[in-house]
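Note sheet for the following structure.
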Amino acid sequence: MSEATLYCANHPTVETVLRCKKCEKLICVKCAVRTPTGYQCKECVRGQQKIFETSKAYDYVTGFIAAAFLSGLGSFLVGLLATFIGFFGIFITFLASPTAAVLIAEAVRLVTGRRRSPKLFKVVLVGVVLGAIPLVLLHLLFFDIYGLIIQGVYLFLVAPTAYYRISGIRILK
């Protein structure tokens, strides 16, 4: 007694035994997307992702403006504080920058109404970086190496921390 050979719905020449856990469509290894609860076809995964993308068009503008303004303000304050403290300002920058990133991310969440979208997270990341660029350029114009180091450390810590905080990714569980 032999079973009938099954073929992928998208690739009729490829044999398979996999089925999408959601729609039961036959899928091959190339079409299967591994999820925490089993394999799904790309169409079902795409449909599921659209449910989680809730941002509106104006969220991109308000998120960018809030992130850029607050990042510029944070960059200025961290630079000012580090300049007055001197060499230990680098250590203060290491402590203050992640805190500034959390404040930026939470403010952006408040402004956007906690709506989500991978594109929105990237726009906010660009806003965070562009908000700190004026001070970087100012230090570059005056050949202030110490100021550039402080701003570099600030950007190195603030950008990824704000991005991961707003996108909800938890590095440590």
Where in the range 84-173 are the helices (runs of 4 or more DSSP H), entirely inside, with at least 2 residues that are touching a residue at least 40 places away in the same chain (Cβ under 8 Å), of a type in the set (D, E, K, R) and under 15 Å from A68 (Cα atoms)?
-> 89-111
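Yes/no per residue for (1) farther than 29 Å from L130 by Cα; (2) surrounded by 20 or more Cβ atoms within 10 Å (Cβ to Cβ); (3) touching an Asp or Glu at 6+ places or on another chain (Cβ under 7 Å); (4) outside the structural domain of L110 (by TED's automatic domain parsing):
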| site | (1), (2), (3), (4) |
| --- | --- |
| T35 | yes, no, no, yes |
| G47 | yes, no, no, yes |
| F64 | no, yes, no, no |
| L95 | no, no, no, no |
Expected single match for of a type in the set (K, R), out of contact with any Pro (no Cβ under 7 Å at 6 or more places or on another chain), without any contact (Cβ under 8 Å) to a residue 24 or more places away in the chain and loosely packed, with under 13 Cβ neighbours inside 10 Å among K30, K42, K21, K25 is K30
Kindly check whether there is at least one residue in the range 47-68 that is outside any loop (DSSP other than H, G, I, E, B), in contact with a helix residue (DSSP H, G or I) (Cβ under 9 Å, 6 or more places away or on another chain) and hydroxyl-bearing (S, T, Y).
-> yes
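Going through the range 24-43 one residue at a time, which ones are within 11 Å of C8 (Cα to Cα) and assigned to a strand (DSSP E or B)?
Scanning the range 24-43 gives L26, I27, A32, C41.
The values are calculated or read from the model by the stated rules, or taken from the named source; none is laboratory data. Quantities reported herein were computed from a predicted structural model and do not represent experimental measurements. A quick note on method: Cβ atoms are made from the backbone with ideal geometry, for glycine too, and the neighbour counts reach across all protein chains shown.
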